[in-house]
Amino acid sequence: MNKTLASSTQAPIALWSPGAPAPAGGLARWTPNVFRDASDARRTFHRSLPGYAVTPLIDLPDLAADLGLTRLVVKDESSRLGLPAFKMLGASWAVYRSLAALCEETPEPTLEALREKVVELGPMTLVTATDGNHGRAVARMATYLGLSSLVLIPSAVSNEAIDLVRSEGADVEVLDLSYDETVAEAARRSEARSDGVRLLVQDTSWPGYETVPTWIVDGYGTLFDEATAQLNGDPALVVVPAGVGSLAHAAVLHCRSHPGWRAVTVEPEVAPCIAASLAAGAAVSTGTGETSMAGLNCGTPSSLAFPDLLSTLDGALWVTDGEAEEASASLAGHGIDAGACGAASLAALRQLCASEGGDRLLSDLTVLLLNTEASR
Ligand SMILES: Cc1ncc(COP(=O)(O)O)c(C=O)c1O
């Protein structure tokens with residue numbers, strides 16, 4: 001019960017960060033590598049979750065012809081592991097890895113075995129901040145494991161999205177703060193230990209908080225693994241809706257290990273922190289604003305993601321709410337249920353086709369749009 005998360009999930013960051021000071025107690029003889037490539041274990045884990053199915057890859061030949069593309073496909077995440085967005089892939093894997101580390105369980109236990117083991121740690125609460133989808137996924141994972149969840153939500157998020165998080169059994173607090181401030185508040189709240197162990201499960205990172213976000217990004221990898229198999233190994237230019245850039249991080253890591261793959265991001269006009277950071281050559285905050293693309297309404301890139309985004313992305317775009325709505329209607333006409341965030345990928349593709357240099361990027365490559373959520 002007195003076991004702290006710092007001893008098994010956060011302290012290793014100090015040991016392994018380049019340039020970090022040597023640990024006070026010296027380096028242990030045996031250092032398990034919690035960051036090793038666990039893609040097989042990850043895929044096995046995702047397959048074991050209730051409702052797992054490979055999400056559809058949908059060909060849009062008419063739209064491809066209109067846009068002058070060789071091939072256009074949409075990876076449809078509007079229904080993933082029983083939720084209407086891709087986020088459960090990251091949240092589930094990060095919670096699982098964190099708890100397995102806390103319980104010192106190796107090799108990877110089943111979800112049921114972990115649920116039984118985690119009882120020994122005493123009362124535990126998963127804590128997070130969210131624009132909606134991630135918090136819902138964390139709350140769902142807490143339920144699977146018999147844990148509590150505390151989800152902080154900025155007041156700009158719609159009541160409907162807030163109610164959906166509550167419907168997962170989470171203790172929800174709506175705060176009159178921006179997304180970035182809400183994340184900082186969640187980090188503060190996770191320090192409280194009065195009601196047992198609190199585990200911060202945040203889908204963005206900052207110096208000193210990188211282990212859980214690393215696993216979240218790794219969890220998103222399943223989406224790209226599936227798409228690669230569905231494309232029979234053909235490379236693609238992937239258009240990634242981006243908030244803090246963790247999903248885009250998974251995309252660029254995939255690009256690095258899969259020759260020919262390329263990636264661009266799309267953000268709302270009011271919160272283009274990735275595009276502004278690419279333009280500056282360094283991570284900058286842009287603030288946020290009012291947008292129907294709630295999941296992308298983030299003001300600061302994840303610190304872990306940004307160096308890889310800077311070295312690997314081909315570029316970044318922003319779109320207006322009107323453009324995302326138009327794209328959503330267009331996808332609906334093709335039988336695809338896309339919310340504003342997911343449809344932003346098509347809106348961005350239209351911008352890319354019309355922009356100078358964009359056509360060169362598109363050339364003969366298949367374009368892969370990520371429909372990251374269903375309409376609300
Ligand atoms: C529907 C949807 N699409 C895309 C994203 C962007 O993900 P990231 O914040 O990792 O860039 C989010 C984030 O919450 C989201 O909810």
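Taking every DSSP helix (H) stretch of at least 4 residues in the chain, weighting each as -39,500 (n - 2.57) and dividing the sum by the residue count yields a mean residue ellipticity at 222 nm of -12500 deg cm²/dmol. Of Arg42, Arg188, Arg140, which is the most mobile in a GNM of the chain whose springs link Cα atoms less than 10 angstrom apart? So, out of Arg42, Arg188, Arg140, the one fluctuating most is Arg188. The three principal axes of the Cα atoms in region 88-202 give end-to-end lengths of 41, 25, 19 Å, sorted in falling order. Close amide H contacts of Val172 (hydrogens built in the peptide plane, cut-off under 5 Å, sequence separation of 5 or more or a different chain): Val151. FRET efficiency for the Thr31 to Arg256 pair, using the beta carbon distance and R₀ = 30 Å, is estimated at 0.75.
Ranked by the mean number of other Cβ atoms within 10 Å of their residues, highest first, the peptides 152-161, 294-303, 257-266, 56-65 fall in the order 294-303, 257-266, 152-161, 56-65. Annotation note: GluC sites (Glu not before Pro) in region 79-147 located in DSSP loop regions with a Cβ neighbour count of at most 12 within 10 Å are Glu104.
With 0.36 nm allotted per residue and the present C-alpha distance subtracted, the Arg166-Thr70 stretch has 30.2 nm of extension available. Do you know the relative contact order of the chain, to the nearest whole percent, from alpha carbon pairs under 8 angstrom that are 6+ apart? Relative contact order of the chain: 18 percent.
Volume per residue of the convex hull around the Cα atoms, evaluated for the chain, comes out as 132 Å³. What FRET efficiency comes out for Asp40 versus Glu104 if R0 is 22 angstrom and r is the Cβ-Cβ distance? Round to the nearest 0.05. According to the calculation, E is roughly 0.55.
Each of the peptides 235-247, 351-363 was scored by the mean count of other Cβ atoms within 10 Å over its residues; in descending order, highest first, they stand as 235-247, 351-363.
One Cα centroid belongs to region 235-249, the other to region 139-165; the line between them spans 24 Å. Distance between the C-alpha centres of region 182-234 and region 305-332: 21 Å, rounded to the whole angstrom. Kirkwood radius for region 323-375, taken over all pairs of different Cα atoms as the inverse mean of 1/r, rounds to 11.3 Å. Legend: ranking of residues Lys87, Lys117 from fewest to most surrounding C-beta atoms inside 10 Å; resulting order Lys117, Lys87.
Each Lys or Arg adds one and each Asp or Glu subtracts one; over the other residues with Cβ under 15 Å from the Cβ of Ala91, this totals 0.
Can you give the net charge of the other residues whose Cβ lies under 10 Å from the Cβ of Glu173, counting K and R as +1 and D and E as -1? Computed value for this residue: -1. Could you work out the relative contact order of region 231-304, using alpha carbon pairs under 8 angstrom and six or more residues apart, expressed as a whole percent? Once divided by the residue count of region 231-304, the mean separation gives 31 percent. Extension gain, Asp359-Glu191: 0.36 nm per intervening residue step, less the Cα-Cα distance, totals 55.6 nm. With the convex hull of the Cα atoms taken as the outline of region 242-376, the averaged projected area works out to 7.8 nm².
We did not get these values from a lab; they are worked out from the coordinates using the rules stated. None of these values were measured; they are calculated from a predicted model. As a convention, Cβ positions derive from the backbone with ideal geometry for all residues, glycine included, and neighbour counts pool all protein chains shown.
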